[in-house]
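Colleague: Below are the structure tokens for one structure; questions will follow.
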Ligand SMILES: [Fe+2]
């Protein structure tokens, strides 16, 4: 697994001037991903900055996890009762690389995460909620390195039933593709489990398993500190995380919750 991405830009202390926005746009266009440090943790600043890249979209699921200050922000933090109800924004544990708003078409071009509080960072590697980012073309290229994998890449373009009942392909062509491996990928969280139970023999199901395995090999692990923002190309890059510990019980028997809090938003 790779361990670093480009040096972060530093957010200006005042308003985001056009020079800063231009620098972020240029980095995003060049590498498909930009990291910014010292970003203010306010809904106003986050949504205001993202508006320079498009329309910050309200989350299209239920309202669980939506930030009270702005409907475009999804607040990801461990909450025991909501986790019990199976609400993803509130759960502990890892998240395999996936896409933002994978059921939406046209595909929202950008996705952003702002680490408001990095929470517990003194756990063993892989248990600090480290962010994972995957450039899908790297994963596709790795798949093509053997003949069975090359056939699996083709199968990623066949339609399969997504959890909303609509058939779509996992991979799709990009109008401005740089080469054959430069494809768009849409993966909903939990899609592989869904396909295993609804379309176990479909060739795209085993192709998705191969893609997930390749993605795990080429993923970059990024430790986001409080105030770090990541903005990425939602067609070309997947995002996920290593495990998050939700709570611990101290020596006196009291339950302590991990204060980790991350905001995410999708730009259409
Ligand atoms: Fe996500």
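Colleague: Could you check segment 224-256 and list, in sequence order, the residues that are part of a strand (DSSP E or B), under 17 Å from the mean Cα position of the chain (by Cα) and either within 24 Å of residue 93 (Cβ to Cβ) or more than 14 Å from the ligand (Cβ to nearest atom) (or both)?
Modeller: Once the filter is applied, which keeps residues that are part of a strand (DSSP E or B), under 17 Å from the mean Cα position of the chain (by Cα) and either within 24 Å of residue 93 (Cβ to Cβ) or more than 14 Å from the ligand (Cβ to nearest atom) (or both), segment 224-256 yields 229, 230, 232, 233, 237, 238, 239, 240, 241, 244.
Colleague: Can you name every residue in segment 214-234 that is in contact with a helix residue (DSSP H, G or I) (Cβ under 8 Å, 6 or more places away or on another chain), surrounded by fewer than 22 Cβ atoms within 10 Å (Cβ to Cβ) and under 17 Å from residue 111 (Cα atoms)?
Modeller: If the condition is that a residue be in contact with a helix residue (DSSP H, G or I) (Cβ under 8 Å, 6 or more places away or on another chain), surrounded by fewer than 22 Cβ atoms within 10 Å (Cβ to Cβ) and under 17 Å from residue 111 (Cα atoms), then 233 is the only one that fits.
Colleague: Among the residues of segment 257-268, which ones are within 16 Å of the ligand (Cβ to nearest atom) and surrounded by fewer than 19 Cβ atoms within 10 Å (Cβ to Cβ)?
Modeller: Across segment 257-268, the qualifying residues are 261, 268.
Colleague: How many of the residues in segment 164-190 are touching a helix residue (DSSP H, G or I) at 6+ places or on another chain (Cβ under 7 Å) and in contact (Cβ under 8 Å) with a residue 60 or more places away in the chain?
Modeller: So the answer is 2.
Colleague: Would you be able to say whether some residue in segment 95-105 is more than 22 Å from residue 21 (Cβ to Cβ), touching a strand residue (DSSP E or B) at 6+ places or on another chain (Cβ under 7 Å) and more than 11 Å from the ligand (Cβ to nearest atom)?
Modeller: no
Colleague: Same structure again: Identify, by number, the condition in (1) within 16 Å of the ligand (Cβ to nearest atom); (2) within 18 Å of residue 107 (Cα to Cα); (3) surrounded by fewer than 17 Cβ atoms within 10 Å (Cβ to Cβ) that residue 190 doesn't meet.
Modeller: Every condition holds for residue 190 apart from (2).
Colleague: Being outside any helix (DSSP H, G or I), modelled with pLDDT of 95 or more and more than 15 Å from residue 235 (Cα to Cα) is the requirement here; does residue 201 meet it?
Modeller: When the stated conditions are applied, residue 201 passes them.
Colleague: With respect to residue 208, determine if the residue is in contact (Cβ under 8 Å) with a residue 40 or more places away in the chain and within 16 Å of the ligand (Cβ to nearest atom).
Modeller: Answer is no for this residue.
Colleague: A further question on this structure: Out of curiosity, is residue 50 modelled with pLDDT of 95 or more, under 23 Å from residue 187 (Cβ atoms) and in contact with a strand residue (DSSP E or B) (Cβ under 7 Å, 6 or more places away or on another chain)?
Modeller: Yes.
Colleague: Got a number for residues in segment 233-263 being over 21 Å from residue 126 (Cβ atoms) and in contact with a strand residue (DSSP E or B) (Cβ under 9 Å, 6 or more places away or on another chain)?
Modeller: The qualifying residues number 8.
Colleague: When segment 6-47 is examined, which residues are found to be part of a loop (DSSP other than H, G, I, E, B), touching a strand residue (DSSP E or B) at 6+ places or on another chain (Cβ under 7 Å) and farther than 22 Å from residue 70 by Cα?
Modeller: Result: 6, 8, 32.
Colleague: Still on this structure, please answer the following. Check 46, 53 and return the single one that is more than 14 Å from the ligand (Cβ to nearest atom), more than 26 Å from residue 169 (Cα to Cα) and crowded, with 20+ Cβ neighbours inside 10 Å.
Modeller: Going through 46, 53 in turn, just one is more than 14 Å from the ligand (Cβ to nearest atom), more than 26 Å from residue 169 (Cα to Cα) and crowded, with 20+ Cβ neighbours inside 10 Å: 46.
Colleague: Counting just the residues of segment 170-187 that are surrounded by 17 or more Cβ atoms within 10 Å (Cβ to Cβ) and not in a loop (DSSP other than H, G, I, E, B), which one comes out nearest to the ligand (Cβ to nearest atom)?
Modeller: 185
The values are calculated or read from the model by the stated rules, or taken from the named source; none is laboratory data. Values in this document were obtained by computation on a predicted structure and should not be read as measured data. Cβ: placed from backbone, ideal geometry, glycine included. Neighbour counts: every protein chain shown.
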